[in-house]
Structures are given as structure tokens and as C-alpha cells.
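Peer 1: The following block contains the structure, expressed as C-alpha cells.
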Amino acid sequence: MKSLRVFLKKEMKEAIRSWRLPVMLIVFLFLGISSPLLFKFLPALVPPELKATFEQLMKPTYEEIVSSLAKNLSQIGILVIILFNMGSVSEERGKGQLELLFARPTSRSSLIWAKFLSSSLSVLLSLAVAFVSFGLYYGALFPQAPPVQGLVLGFLLFSLFALFVVSFTIFSSTLFSSGLWAGLLSGSFFLTLSFLPSLGGGFSRYSPPGLLEAANLIMRGQVVNSWDGVLVTATGTLIFILLANVVIERAEL
Amino acid sequence: MNLAIETVELTKRYGTRLALDRLNLRVEEGSIFGLLGPNGAGKTTTIKLLTGLRRPTSGKMFLFGDDVLARPNQARKDLGYLSEHPSFYGWMTAREYLLFVGSFSSMSRKELRMRTEYLLGLVTLHRVREPIRNFSRGMRQRLGIAQALVNNPKLLLLDEPASALDPLGRKELLETIGSLRGGVTVFLSTHILADAERVCDTVCILNQGRMLAQETISSLRKRYARRNVELETTSENEELLLRLRRADWVEDLKRDGGNLNLTVKDIGRAEIEIPRLFSELGLPLKKIEVKEPTLEEIFLEVLDREENEKP
């Protein structure tokens, strides 16, 4: 527990000092406010002759706006999470920083848990900023208030998927001495995974990206049972973080 | 005799390459032990195995009697380690880094703060406020020494500790290491033989993963003594040269200015015969010195013998 506490403190300090957390908060703030802003002000910038076509393409309904948020988070948001986590273990391993730590009476797995917890906290905070800013901007720019319950459920489902991304990216980061390879592996994995829901049936219901679709529908006001996806994603998160522990415990430095 | 380090048939393979071949080390508590060898001899591998950073292919190792493989954290409790190219978190200051790594020890916060300030002073980084990313190589090496000492270790494992230091830094480092004698066991690898000669009590010579010698420097000197004698006289004398060349106990004679360098067959006999000869010829003998081989000469000879003994 002592190792975990010491590593966690270091990770949190590093997230702030290296500007990782502030930058992530700004990116997610932008993702949160961009959809309501875009739907509110873009039509005013469109030339009058294109207005009719444009309004058919971009209807400023709550469903469309919240779908745009979901799309941004599931694409740019996930990419940002991968970028910020791909070097978490590999960079420290590649530079030899872990040597001086693991020659002490520490637990290697506590480093992995500390990285996972600190990254998860950063990601949850960033997602919260995105959802809260979305809600506030939507409420301020459009006549009706956004449905809070749908947004909260959407936030929870997105959060779980984001933790799954963090877990897999940390795992891939333990496999390489370069963050670039870890990023490529994570990127390819999630790109492949994102096609699964389109196969329908069990893939849509059980695969982790199915959660994002469910979140989108829930935020749009539909009732969706996503418990299967929740269970699979939570289990996957745990499995990858445990695998990361196994890899780092066996790693020769 | 208490042992700080003991390895039993320690072997490490990287794929098909044998990096360490049945190494049996015995390092006495309180000694300063040097691990010598050319590049690729297995020095870094040995140190990394002892720290638990790598696992052996076979064999056992003990630190103060604790099995490194069975109880790694217990074995590492009293260990300080410095890698050859130490790397730190660049965003931290030296003080923050020492407080961070010291937090893994059992010291109280107050003790750790006091220890940190003492070590920063010891390595002359107490006035440096900038982050480590701006440090020179020498400053990093000095911080490396401080972090290895932060937990008051009983055993220090240093991998080429002086390689990045300038002559003054090296001198200070060796003095620091020397001052630890008796209290802390120091196990250092180096290819700078003069450094080992200066601080080590005992050395181990490794080549291609095999231990070629392990003994005190003084006994190595005795074993590899080359029977060289240097004589200094004020006047040259042909008769002296002739009689030395004819003497059955002299193997070789070389003139070096006013000095004569002899290689003798029996050092004991030479010590009796030389003063007698000078006395008989009525010549002044300003200096007679039995020259001890340097560690470098011993090292090269050990490697040479190993090469010659290969089938």
C-alpha cells in the first residue's frame, strides 16, 4: 500500500507538472462546448442560398447535438486518451527510469495500479468537464434544458469505456520500450474494435464499443439495456490491467 | 566472516549467448569490492541480477543471507543501487527526487527530510533549484550517488559510477566511497582500473561471463608479481653491467638513463645479491625498488593467460 501511495502521488504531480492534465481538461472542455456552439452559430455563417440544404443536414435538435458530442468523444476523445497514455510505462522503461525504482523494496504492480488510477482520475475529470460544459452551454444557447438523467447515464457509460481504453493502452505500453509502438497497437486495436458493433447481434450487445452506441441512444432519450456491454467492458478493463501487471512483473530491466 | 553478497553457480543466458557462467562470488561485509572486466564481460548483468532487475537462468544469490529470488523486497531493504546511465524524472528537482525515492524506505518524514538535505550537501547539489532535465551528466551522476545512499543502505551496488565524471568529480567520488569503508559494503563495477586500485580491497576479474580471479589486490599482486627490480646508481660501471648480465639469478637487464631495470628469477636472492655486488665494486646504491605490478598489468596478464589456455 505504501508503494501505491508513493507512486500515485508522483503520478498525480506529474500529470499536473507535465501539463498532461490541464491540456486534457482543455481538450475535453472544447469537445463539450463545440457541439452546442456549432449548431447554434454555424447556420448564421452559411450563405442564404445554402441555408435550406444546410438546415436539412444539421438540424439543431437536442438529439442531433448530443449525437455530435457522442461522436466527438468516441473519436477525438478516445484518440486523446490513447495519446496521453501510450508512453506511460514504455517511456519510463525505455529511458531506464524504472531501474532505480524497482531496485528498491517496491512492488512493480503498484506502479501499474498507480498509473491506472491516476489516468482514470484524469479521464473521468475530463469527461465530467465535457458533459457538464455541454449541459451548461446547451442550456444557455437553446430554449429547453438538456435531460440530466440521460446525460448522467451517458457520462457513466462513456467513463467505463474510457477506463477500458486507459487499461488497454497501459497494457500495450508495458509491452514496448517506445510509446509510439504502444500507441500504434492501441490505435489499431480500438479501430478494429469500433467495427464490431456494425456486425450486429452479439457484437453490438457485448463488445465495449457497443457501450458508446448505447450511451448515444440513452442520451437521445431512448431506453437501452446495456448491462451486458457494461459487464464485458468492466471485465476487459480488469483483465488488461492485470495483464499489464503480469508483464511488468516479468519484465527484465 | 559475514557475507554481504554470495552467489552460487549464478548463470544468465540471453537467448543462446552465455552472459554469466556459473559465477560464485563471496563479498565480505564492510569491504569495497571491485568487479573488473572488459566490455561484455558480464559486469552489468551481475549487478542487475543482484538487484533483482533481471532473473538468472540458474543459480542462487543472497544479500546478507536473504535469498534475492525468494524474498526480493527483504533482500533489497538495505540496498542502494546506481545504474551506469542513471535516468530520473526530468520534471522533478533533485530534492523532490530524493524525497520521492526515500519514501519507499522505512524512514519517518522528518528523518527523510534531514537525510535528503545531508545528501544534497554531500553531492553539492543543495543550492540547485532547477529541474533535473537541466542537469549536466556530472550532476546527474552525483544525484545518482545521493539517491543510492538515501535509505542508509548496508550495501551499495554501483555500476561504473565514475565513468561520467571529470577528474575532480572522480576524485571526490572515490573519496566518498573510501569513506564508507567498514560501515557500508560497496560493490562496484568499473573498467577504470586505477579507480579500483585506489579504493577496492578485493576484486573479481570477469571475462566473457567467466570469473578468472577473485581475491584481495595485495594477494593478486603477490601472485602476479613480475620480479622486476629497479636500481638507481650515481655512476655507470661496465663491470657492474657485465657481472649482472652473467649472474644466474638475472633474467633480463635494461638500462633506462641512470636506472637499471632487472627482471630476476628469484626476488629473494636478488635482494641479497644486489647490495653485495654494489659493495664489492665500491659503488653507491641510491635506490633499490622491487616494482609491484599495477592492477592494469595484472588484469592484462590474467586475460592473456585465459586467452592462452583456450583450446
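Peer 1: Just to verify a result, which residue in the range A:65-113, among those that are of a type in the set (Gly, Ala, Ser) and farther than 30 Å from A:Thr192 by Cα, is surrounded by the fewest Cβ atoms within 10 Å (Cβ to Cβ)?
Peer 2: That would be A:Gly96.
Peer 1: Any residue that is within 12 Å of chain A (Cβ to nearest Cβ) and either part of a helix (DSSP H, G or I) or crowded, with 20+ Cβ neighbours inside 10 Å (or both) - is there at least one of those in the range B:114-126?
Peer 2: no
Peer 1: Then there is this: Please verify whether B:Ser87 is polar (S, T, N, Q) and either more than 9 Å from chain A (Cβ to nearest Cβ) or surrounded by fewer than 18 Cβ atoms within 10 Å (Cβ to Cβ) (or both), treating the condition exactly as stated.
Peer 2: It is true that B:Ser87 is polar (S, T, N, Q) and either more than 9 Å from chain A (Cβ to nearest Cβ) or surrounded by fewer than 18 Cβ atoms within 10 Å (Cβ to Cβ) (or both).
Peer 1: Also: Which one of these does B:Ala75 not meet: (1) within 14 Å of another protein chain (Cβ to nearest Cβ); (2) under 26 Å from B:Thr190 (Cβ atoms); (3) touching a residue at least 24 places away in the same chain (Cβ under 8 Å); (4) assigned to a helix (DSSP H, G or I)?
Peer 2: The single condition B:Ala75 does not satisfy is (3).
Peer 1: Can we say B:Arg269 is out of contact with any Ser or Thr (no Cβ under 9 Å at 6 or more places or on another chain), free of Cβ contacts under 8 Å to residues at least 24 places away in the same chain and over 30 Å from B:Lys43 (Cβ atoms)?
Peer 2: Yes.
Peer 1: Quick check: is even one residue across the range B:50-59 more than 17 Å from A:Gln97 (Cα to Cα), within 22 Å of the chain's Cα centre (by Cα) and within 11 Å of chain A (Cβ to nearest Cβ)?
Peer 2: Checked against the condition, which is being more than 17 Å from A:Gln97 (Cα to Cα), within 22 Å of the chain's Cα centre (by Cα) and within 11 Å of chain A (Cβ to nearest Cβ), the range B:50-59 yields at least one hit.
Peer 1: Got a sec? Which of B:Leu157, B:Leu119 is under 22 Å from the mean Cα position of the chain (by Cα) and closer than 24 Å to B:Leu188 by Cα?
Peer 2: Answer to the selection: B:Leu157.
Peer 1: Provide a single number: the residues in the range A:170-188 that are buried (at least 17 other Cβ atoms within 10 Å of the Cβ) and either in contact with a Pro (Cβ under 8 Å, 6 or more places away or on another chain) or within 16 Å of A:Gln75 (Cβ to Cβ) (or both).
Peer 2: Total satisfying the criteria: 3.
Peer 1: Let me ask you something else. Collect the residues in the range B:25-38 that are out of contact with any helix residue (DSSP H, G or I) (no Cβ under 9 Å at 6 or more places or on another chain) and either over 24 Å from B:Glu197 (Cβ atoms) or not in a loop (DSSP other than H, G, I, E, B) (or both), keeping them in residue-number order.
Peer 2: B:Arg26, B:Val27, B:Glu28, B:Phe33
Peer 1: On to the next question. Would you point out the residue of the range A:34-57, among those that are within 16 Å of A:Leu141 (Cα to Cα), surrounded by fewer than 19 Cβ atoms within 10 Å (Cβ to Cβ) and of a type in the set (A, V, I, L, M, F, W, C), that is modelled with the highest pLDDT?
Peer 2: A:Leu37
Peer 1: Return yes when A:Leu98 is closer than 29 Å to A:Leu191 by Cα and at pLDDT 95 or above and no when it is not.
Peer 2: no
Peer 1: For the range B:39-53, name all the residues that are touching a strand residue (DSSP E or B) at 6+ places or on another chain (Cβ under 7 Å) and either farther than 18 Å from B:Phe187 by Cα or in a loop (DSSP other than H, G, I, E, B) (or both).
Peer 2: Listed by number, the residues that qualify are B:Ala41, B:Gly42.
The values are calculated or read from the model by the stated rules, or taken from the named source; none is laboratory data. All values derive from a computational prediction rather than experimental measurement. Cβ atoms come from the backbone with ideal geometry, glycine included; neighbour counts cover every protein chain shown.
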